[in-house]
Amino acid sequence: MTRGGVPVRHILWMAAFTVTAVLVVLLPSPARATEEFARRTGKECAACHVDPAGGGELTAAGNGFLASSAASGNVVPASPVHRGVRFAAGFLHLITAVMWFGTILYVHLLLKPAYASRGLPRGELLVGWGSIIVIAVTGTVLTVYRIPTWDALFHTRFGVLLTVKIAVFLVMTATAFVVTFIVGPRLSARHVDVDPRKRDLSPPELSSFTGRDGAPTFFAYKGTIYDASGSTLWRTGSHMGKHQAGFDLTEMLKLAPHGEDRVLQLPVVGKLVGEGGSGGKPPHLKAFYFMTFLNLFLVFAVLLVIAMWRWW
């Protein structure tokens, strides 16, 4: 069953992930305080806040510290406008991060990176770059509120963890730029219109037969093109989630757990002609796979930093 072309189970999976991520981030935790009082005394959030996780209603000690700090001019109580801006920025920051990370996990766990081997879908590009812009803007706003000086950014526990998060975000942004403007166009350029009756194909022509959108499932092995359209192991043009139709898989199949007899049993289409007769995946496709899995690793790195900030 599908809705808008997307299987309902995929929609339910995304909804469950989103709800879980929001609950995990919002649930109270024994987090260390990171505001002015914590920097001065090293005490926990519970020393000033009713909620041990920090934020919200203050205890008597918290109100006393706030009053004395305001009287001395060291701390100015936040106005309702400032609190509203900070809350809105934090909420938008959280929702956007959940959408961005959820999309990355969805691609790796359900769709597999090979789905974009012929070019990046426009919808994913919009979600990705929209998320990057929103996270950058809201993150800057939150940093201004939470980090009063450069010294606090590099010499407090919260500041160091925030610096790590910023560094990871910049790496993810750099990989997104490379994939969007360098690798992506080269992936799209591989696709060419081919006469379906043609038997001998060049590598760019072979890339049109991906097993998707009604196209046959072709791949090359040792200079010969095979048709895997009738194989249940090549559904949607992907074999075991690792190998994608439309490419020369000679080098890849050397690492397969089965012998070449499985390949030789498939119907022969013709010969692979032109350049790249047995070169395996092209460099730009290898770069695409590397960056997608790098981003998956970086997502878990960000979640680890958040866990260290809130529970360690």
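Express as a percent, rounded to the nearest 5, the fraction of DSSP beta bridges in segment 193-251 (both residues included) that run antiparallel. Provide the component values of the computation, followed by the final result.
Values: 7 of 8 bridges.
Percent antiparallel among DSSP bridges in segment 193-251 is about 90.
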Output ordering of 219-230, 139-150 (per-residue mean of other Cβ within 10 Å, highest first) is 219-230, 139-150
Expressed as a percent, the accessible surface of segment 193-263 that is carbon or sulfur, using a 1.4 Å probe and the full set of protein chains, is 51
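The values are calculated or read from the model by the stated rules, or taken from the named source; none is laboratory data. Predicted model only: the values in this text are computed from it and were never measured. Cβ: placed from backbone, ideal geometry, glycine included. Neighbour counts: every protein chain shown. Quick note on the areas: whole protein, heavy atoms, side chains included, nothing else; ligands and nucleic acids left out. Shrake-Rupley method; radii C 1.70, N 1.55, O 1.52, S 1.80 Å.
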